[in-house]
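These notes concern the structure reproduced below.
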C-alpha cells in the first residue's frame, strides 16, 4: 500500500490516541498532571524531530514542542 495513502489514517489515529491520553492524564492530581502532560509534549516533540528526517522546519517545531514540555513539567505547573 502507498505510504501517502496511510498518512491521513495514521494522523487521525494519532490524534485519537493523543486526545485520549491527554484526557486520562488530566484526571491525575497535581503535580503529576503537569509532569505527565509535560512528558507527553517532550515525547511528541522528540518523535516529530526524529520523524522529520531532513525537513528543518519540522525539526525546529519538534524541538520547540519538546522545550515547552520540559518547561511545563519542571516550571509551569
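When you go through (1) within 22 Å of residue 73 (Cβ to Cβ); (2) assigned to a helix (DSSP H, G or I); (3) at pLDDT below 90 one by one for residue 58, which number turns out not to apply?
(1)
Given the condition surrounded by fewer than 14 Cβ atoms within 10 Å (Cβ to Cβ), without any contact (Cβ under 8 Å) to a residue 12 or more places away in the chain and assigned to a helix (DSSP H, G or I), answer yes or no: does some residue in the stretch 66-77 qualify?
So far as the stretch 66-77 goes, no, none of its residues is surrounded by fewer than 14 Cβ atoms within 10 Å (Cβ to Cβ), without any contact (Cβ under 8 Å) to a residue 12 or more places away in the chain and assigned to a helix (DSSP H, G or I).
Which of the residues that make up the stretch 13-32 are without any contact (Cβ under 8 Å) to a residue 12 or more places away in the chain and over 14 Å from the mean Cα position of the chain (by Cα)?
The first filter runs over the stretch 13-32 and keeps only residues without any contact (Cβ under 8 Å) to a residue 12 or more places away in the chain, leaving 13-17, 19-20, 23-24, 26-29, 32.
The answer is 24, 26, 27, 28, 29, 32.
Count, please, the residues in the stretch 2-41 that happen to be outside any loop (DSSP other than H, G, I, E, B) and either touching a strand residue (DSSP E or B) at 6+ places or on another chain (Cβ under 8 Å) or over 15 Å from residue 77 (Cα atoms) (or both).
We begin by selecting, within the stretch 2-41, every residue outside any loop (DSSP other than H, G, I, E, B); these are 3-25, 32-41.
So of that shortlist, the ones also either touching a strand residue (DSSP E or B) at 6+ places or on another chain (Cβ under 8 Å) or over 15 Å from residue 77 (Cα atoms) (or both) come out as 3-24.
Of the residues in the stretch 2-41, 22 are outside any loop (DSSP other than H, G, I, E, B) and either touching a strand residue (DSSP E or B) at 6+ places or on another chain (Cβ under 8 Å) or over 15 Å from residue 77 (Cα atoms) (or both).
Looking at the stretch 42-54, which of its residues are outside any helix (DSSP H, G or I) and either farther than 18 Å from residue 11 by Cα or in contact (Cβ under 8 Å) with a residue 60 or more places away in the chain (or both)? Even if it seems obvious, please write down each step before you answer.
Kept after step one, since they are outside any helix (DSSP H, G or I), are these residues of the stretch 42-54: 53-54.
Within the stretch 42-54, just 54 meets the criteria.
The values are calculated or read from the model by the stated rules, or taken from the named source; none is laboratory data. Keep in mind that what you see is a predicted model, and the values were worked out from it rather than measured. Positions of Cβ are backbone-derived with ideal geometry, glycine not excepted, and every protein chain shown enters the neighbour counts.
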